[in-house]
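The values are calculated or read from the model by the stated rules, or taken from the named source; none is laboratory data. Keep in mind that what you see is a predicted model, and the values were worked out from it rather than measured. Don't worry about glycine lacking a Cβ; one is built from the backbone with ideal geometry, like all the others, and counts go over all protein chains shown.
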Amino acid sequence: MLTKIDLKNILFLDIETVPNYENWNELSTQEQELYDEKTKYQRKDDITVEEFYERAGIWAEFGKIVCISVGYFVERDKIKQLRITSFYSDDEREILLNFSRLLETHFNLAKYVLCAHNGKEFDFPYIARRMIINQIKLPNKLNLFGKKPWEIPHLDTMELWKFGDYKHYTSLKLLTHILGIASPKEDINGSEVKDVYYKEKNLLRIAKYCERDVVAIAQLLLRFNNLPLIEEKNIVKV
(Lines give C-alpha, C1' and ligand atoms only; values in the text may rest on other atoms or scores of the structure.)
Protein backbone atom coordinates (compact mmCIF):
# COMPACT_ATOMS: atom_id res chain seq x y z
CA MET A 1 0.00 0.00 0.00
CA LEU A 2 2.81 2.42 0.88
CA THR A 3 5.64 1.06 -1.20
CA LYS A 4 7.12 4.52 -1.85
CA ILE A 5 7.52 5.37 1.85
CA ASP A 6 10.32 3.91 3.93
CA LEU A 7 8.72 2.79 7.20
CA LYS A 8 11.78 4.07 9.08
CA ASN A 9 10.79 7.59 7.99
CA ILE A 10 7.42 7.51 9.74
CA LEU A 11 6.78 8.95 13.20
CA PHE A 12 3.72 7.28 14.70
CA LEU A 13 1.87 9.28 17.32
CA ASP A 14 -1.18 9.47 19.53
CA ILE A 15 -2.43 12.08 21.98
CA GLU A 16 -4.56 11.98 25.12
CA THR A 17 -6.69 14.97 26.02
CA VAL A 18 -8.89 16.07 28.92
CA PRO A 19 -11.19 19.05 29.60
CA ASN A 20 -9.37 22.20 30.68
CA TYR A 21 -11.12 21.99 34.05
CA GLU A 22 -12.35 19.03 36.02
CA ASN A 23 -15.80 20.45 36.73
CA TRP A 24 -18.30 22.54 34.80
CA ASN A 25 -18.64 25.13 37.56
CA GLU A 26 -14.94 26.02 37.24
CA LEU A 27 -15.60 27.62 33.85
CA SER A 28 -16.38 31.32 33.77
CA THR A 29 -19.89 32.37 32.75
CA GLN A 30 -18.55 33.39 29.35
CA GLU A 31 -16.76 30.06 28.87
CA GLN A 32 -19.96 28.20 29.75
CA GLU A 33 -21.90 30.22 27.19
CA LEU A 34 -19.25 29.61 24.54
CA TYR A 35 -19.20 25.87 25.25
CA ASP A 36 -23.00 25.80 25.06
CA GLU A 37 -22.84 27.47 21.65
CA LYS A 38 -19.99 25.26 20.40
CA THR A 39 -21.67 21.96 21.30
CA LYS A 40 -25.39 22.59 20.83
CA TYR A 41 -25.57 20.57 17.61
CA GLN A 42 -23.77 17.58 19.15
CA ARG A 43 -25.93 17.32 22.26
CA LYS A 44 -29.07 15.24 22.44
CA ASP A 45 -32.19 16.86 23.81
CA ASP A 46 -32.06 14.93 27.08
CA ILE A 47 -28.42 15.86 27.85
CA THR A 48 -27.69 19.18 29.53
CA VAL A 49 -24.70 21.27 28.55
CA GLU A 50 -23.25 20.66 32.04
CA GLU A 51 -23.49 16.88 31.58
CA PHE A 52 -21.96 17.20 28.13
CA TYR A 53 -18.88 18.88 29.62
CA GLU A 54 -17.53 15.35 30.23
CA ARG A 55 -16.63 15.37 26.52
CA ALA A 56 -14.97 18.80 26.48
CA GLY A 57 -11.53 17.28 25.98
CA ILE A 58 -12.25 16.49 22.33
CA TRP A 59 -12.32 20.20 21.43
CA ALA A 60 -9.00 22.05 21.43
CA GLU A 61 -10.78 25.24 22.53
CA PHE A 62 -11.99 23.62 25.75
CA GLY A 63 -9.49 20.81 26.32
CA LYS A 64 -5.78 20.27 26.75
CA ILE A 65 -3.19 17.63 25.93
CA VAL A 66 -1.84 15.61 28.84
CA CYS A 67 0.22 13.11 26.84
CA ILE A 68 1.80 12.73 23.40
CA SER A 69 3.32 9.32 22.67
CA VAL A 70 5.44 8.61 19.61
CA GLY A 71 7.08 5.60 18.00
CA TYR A 72 9.47 4.93 15.12
CA PHE A 73 11.11 1.93 13.50
CA VAL A 74 14.85 1.30 13.65
CA GLU A 75 16.89 -1.68 12.53
CA ARG A 76 19.64 -3.09 14.73
CA ASP A 77 21.63 -6.18 13.65
CA LYS A 78 18.96 -6.89 11.00
CA ILE A 79 16.26 -6.91 13.68
CA LYS A 80 13.44 -4.38 13.36
CA GLN A 81 12.57 -2.53 16.56
CA LEU A 82 9.78 -0.13 17.38
CA ARG A 83 11.02 2.53 19.77
CA ILE A 84 8.44 4.29 21.92
CA THR A 85 8.66 7.44 24.00
CA SER A 86 6.10 9.71 25.69
CA PHE A 87 5.82 13.33 26.72
CA TYR A 88 3.38 13.72 29.61
CA SER A 89 2.94 16.36 32.27
CA ASP A 90 0.43 18.58 34.03
CA ASP A 91 2.12 21.41 32.11
CA GLU A 92 0.73 21.20 28.58
CA ARG A 93 3.16 23.79 27.28
CA GLU A 94 6.08 21.61 28.37
CA ILE A 95 4.61 18.65 26.47
CA LEU A 96 4.15 20.70 23.32
CA LEU A 97 7.62 22.24 23.48
CA ASN A 98 9.25 18.83 23.90
CA PHE A 99 7.25 17.41 21.01
CA SER A 100 8.09 20.41 18.83
CA ARG A 101 11.81 20.01 19.59
CA LEU A 102 11.59 16.34 18.60
CA LEU A 103 10.03 17.24 15.25
CA GLU A 104 12.43 20.08 14.50
CA THR A 105 15.55 18.22 15.62
CA HIS A 106 15.00 14.66 14.37
CA PHE A 107 12.03 14.60 11.98
CA ASN A 108 12.25 17.88 10.07
CA LEU A 109 13.56 16.59 6.73
CA ALA A 110 11.14 16.25 3.82
CA LYS A 111 11.36 12.46 3.89
CA TYR A 112 9.72 12.18 7.30
CA VAL A 113 5.95 11.86 7.74
CA LEU A 114 3.64 11.77 10.75
CA CYS A 115 1.10 8.96 11.16
CA ALA A 116 -1.91 8.64 13.48
CA HIS A 117 -5.33 6.97 13.47
CA ASN A 118 -7.90 9.64 12.59
CA GLY A 119 -4.94 11.99 12.84
CA LYS A 120 -6.06 14.33 10.07
CA GLU A 121 -9.37 14.97 11.82
CA PHE A 122 -8.12 14.96 15.41
CA ASP A 123 -4.48 14.56 16.50
CA PHE A 124 -2.70 16.83 14.00
CA PRO A 125 -5.10 19.81 14.12
CA TYR A 126 -5.54 19.46 17.89
CA ILE A 127 -1.80 19.68 18.50
CA ALA A 128 -1.48 22.65 16.13
CA ARG A 129 -4.36 24.53 17.77
CA ARG A 130 -3.00 23.95 21.26
CA MET A 131 0.42 25.18 20.13
CA ILE A 132 -1.15 28.39 18.87
CA ILE A 133 -3.06 28.80 22.14
CA ASN A 134 0.19 28.25 24.08
CA GLN A 135 2.07 30.72 21.83
CA ILE A 136 4.41 28.08 20.42
CA LYS A 137 5.67 28.39 16.86
CA LEU A 138 4.29 25.62 14.69
CA PRO A 139 6.95 23.12 13.59
CA ASN A 140 7.20 22.62 9.85
CA LYS A 141 5.44 19.23 9.96
CA LEU A 142 2.30 20.83 11.42
CA ASN A 143 2.30 24.09 9.46
CA LEU A 144 0.12 23.29 6.44
CA PHE A 145 -0.39 26.84 5.17
CA GLY A 146 0.29 27.12 1.44
CA LYS A 147 0.99 23.39 1.01
CA LYS A 148 -0.66 21.38 -1.73
CA PRO A 149 -2.47 18.19 -0.62
CA TRP A 150 0.33 15.94 -1.85
CA GLU A 151 2.89 18.03 0.04
CA ILE A 152 1.28 17.49 3.45
CA PRO A 153 3.49 15.06 5.42
CA HIS A 154 0.67 13.26 7.21
CA LEU A 155 -0.59 9.68 7.07
CA ASP A 156 -3.85 8.55 8.62
CA THR A 157 -4.48 4.83 9.11
CA MET A 158 -8.23 5.41 9.27
CA GLU A 159 -8.13 7.30 5.97
CA LEU A 160 -6.04 4.56 4.38
CA TRP A 161 -8.62 1.98 5.46
CA LYS A 162 -11.43 4.02 3.88
CA PHE A 163 -10.04 3.43 0.37
CA GLY A 164 -11.87 6.55 -0.79
CA ASP A 165 -15.12 5.82 1.07
CA TYR A 166 -15.49 9.06 3.02
CA LYS A 167 -18.65 7.91 4.82
CA HIS A 168 -16.78 5.11 6.53
CA TYR A 169 -15.51 5.35 10.13
CA THR A 170 -13.57 2.49 11.71
CA SER A 171 -12.23 2.72 15.24
CA LEU A 172 -8.71 1.65 16.12
CA LYS A 173 -10.19 -1.03 18.41
CA LEU A 174 -12.26 -2.56 15.60
CA LEU A 175 -9.48 -2.38 13.05
CA THR A 176 -6.93 -4.07 15.30
CA HIS A 177 -9.46 -6.80 16.09
CA ILE A 178 -10.27 -7.72 12.51
CA LEU A 179 -6.60 -7.62 11.48
CA GLY A 180 -5.40 -9.84 14.32
CA ILE A 181 -3.48 -7.17 16.24
CA ALA A 182 -3.43 -7.00 20.04
CA SER A 183 -6.05 -4.55 21.30
CA PRO A 184 -4.67 -1.29 22.72
CA LYS A 185 -7.77 -0.90 24.92
CA GLU A 186 -6.94 -3.47 27.59
CA ASP A 187 -6.77 -1.09 30.56
CA ILE A 188 -8.79 2.06 29.94
CA ASN A 189 -10.53 3.70 27.02
CA GLY A 190 -10.72 7.29 25.86
CA SER A 191 -13.85 8.10 27.86
CA GLU A 192 -12.05 7.21 31.10
CA VAL A 193 -8.95 9.36 30.61
CA LYS A 194 -10.57 12.40 32.26
CA ASP A 195 -11.20 10.53 35.52
CA VAL A 196 -7.78 8.86 35.48
CA TYR A 197 -6.23 12.32 35.13
CA TYR A 198 -8.34 14.37 37.54
CA LYS A 199 -9.46 11.79 40.10
CA GLU A 200 -6.65 9.20 40.10
CA LYS A 201 -4.01 11.76 39.12
CA ASN A 202 -2.24 8.93 37.31
CA LEU A 203 -0.41 10.36 34.30
CA LEU A 204 1.78 7.29 33.98
CA ARG A 205 -1.28 5.09 33.42
CA ILE A 206 -2.47 7.48 30.71
CA ALA A 207 0.97 7.45 29.07
CA LYS A 208 1.02 3.65 28.96
CA TYR A 209 -2.44 3.64 27.41
CA CYS A 210 -1.31 6.21 24.84
CA GLU A 211 1.79 4.15 24.01
CA ARG A 212 -0.34 1.07 23.34
CA ASP A 213 -2.26 3.08 20.76
CA VAL A 214 0.99 4.07 19.07
CA VAL A 215 2.09 0.43 18.91
CA ALA A 216 -1.28 -0.53 17.43
CA ILE A 217 -1.02 2.17 14.74
CA ALA A 218 2.47 1.02 13.76
CA GLN A 219 1.25 -2.58 13.61
CA LEU A 220 -1.64 -1.51 11.37
CA LEU A 221 0.73 0.01 8.86
CA LEU A 222 2.75 -3.20 8.82
CA ARG A 223 -0.42 -5.21 8.14
CA PHE A 224 -1.48 -2.78 5.41
CA ASN A 225 1.82 -3.61 3.69
CA ASN A 226 1.55 -7.37 4.31
CA LEU A 227 4.62 -7.27 6.54
CA PRO A 228 5.18 -9.30 9.73
CA LEU A 229 3.99 -7.67 12.94
CA ILE A 230 6.62 -6.42 15.34
CA GLU A 231 7.20 -8.82 18.23
CA GLU A 232 6.61 -7.66 21.79
CA LYS A 233 10.30 -8.18 22.65
CA ASN A 234 11.24 -5.73 19.89
CA ILE A 235 9.08 -2.91 21.22
CA VAL A 236 11.54 -0.76 23.16
CA LYS A 237 10.72 2.09 25.53
CA VAL A 238 13.24 4.95 25.28
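The residues of the stretch 127-142 that are touching a helix residue (DSSP H, G or I) at 6+ places or on another chain (Cβ under 8 Å) and either more than 13 Å from Leu97 (Cβ to Cβ) or of a type in the set (S, T, N, Q) (or both), listed by number, are Ala128, Asn134, Asn140, Lys141, Leu142.
Taking each residue of the stretch 3-17 that is more than 30 Å from Ser191 (Cα to Cα) and looking for partners that are in a strand (DSSP E or B) with beta-carbon atoms closer than 6 Å, six or more apart or interchain, yields Leu7/Phe73; Lys8/Phe73.
Screening Lys201 with (1) surrounded by fewer than 16 Cβ atoms within 10 Å (Cβ to Cβ); (2) among the basic types (Lys, Arg); (3) part of a helix (DSSP H, G or I) gives one miss only, at (3). Only strands (runs of 3 or more DSSP E) whose full extent lies in the stretch 71-187 are considered here, and the ones with at least 2 residues that are surrounded by fewer than 16 Cβ atoms within 10 Å (Cβ to Cβ) and either in contact (Cβ under 8 Å) with a residue 40 or more places away in the chain or at negative phi (or both) are 79-88. A residue that is modelled with pLDDT of 95 or more, small (Gly, Ala, Ser), surrounded by 13 or more Cβ atoms within 10 Å (Cβ to Cβ) and not in a helix (DSSP H, G or I) occurs somewhere in the stretch 46-64.
Note on the stretch 98-117: residues that are more than 16 Å from the chain's Cα centre (by Cα) and aliphatic (A, V, I, L, M) total 2.
Screening the candidates Lys120, Lys137, Lys141 for the property of being under 13 Å from the mean Cα position of the chain (by Cα) and not aliphatic (A, V, I, L, M) yields one hit, Lys120. Listed by first and then second residue, the pairs with beta-carbon distance under 8 Å, at least 6 apart or on different chains, first residue in the stretch 204-229 and in a helix (DSSP H, G or I) and at pLDDT below 95, second among the polar types (S, T, N, Q) and surrounded by fewer than 18 Cβ atoms within 10 Å (Cβ to Cβ), form an empty list. Scanning the stretch 204-238 for residues that are more than 21 Å from Trp161 (Cα to Cα), buried (at least 17 other Cβ atoms within 10 Å of the Cβ) and over 17 Å from the mean Cα position of the chain (by Cα) yields one hit, Ile235.
The single condition among (1) surrounded by fewer than 13 Cβ atoms within 10 Å (Cβ to Cβ); (2) modelled with pLDDT under 95 that Leu7 does not meet is (1). Annotation: of all residues in the stretch 196-222 being among the β-branched types (Val, Ile, Thr) and touching a helix residue (DSSP H, G or I) at 6+ places or on another chain (Cβ under 6 Å), the one that is nearest to Ile178 (Cα to Cα) is Ile217. Considering the stretch 21-45, the residues that are part of a loop (DSSP other than H, G, I, E, B) and in contact with a helix residue (DSSP H, G or I) (Cβ under 6 Å, 6 or more places away or on another chain) include one that is farthest from Asn234 (Cα to Cα), namely Arg43.
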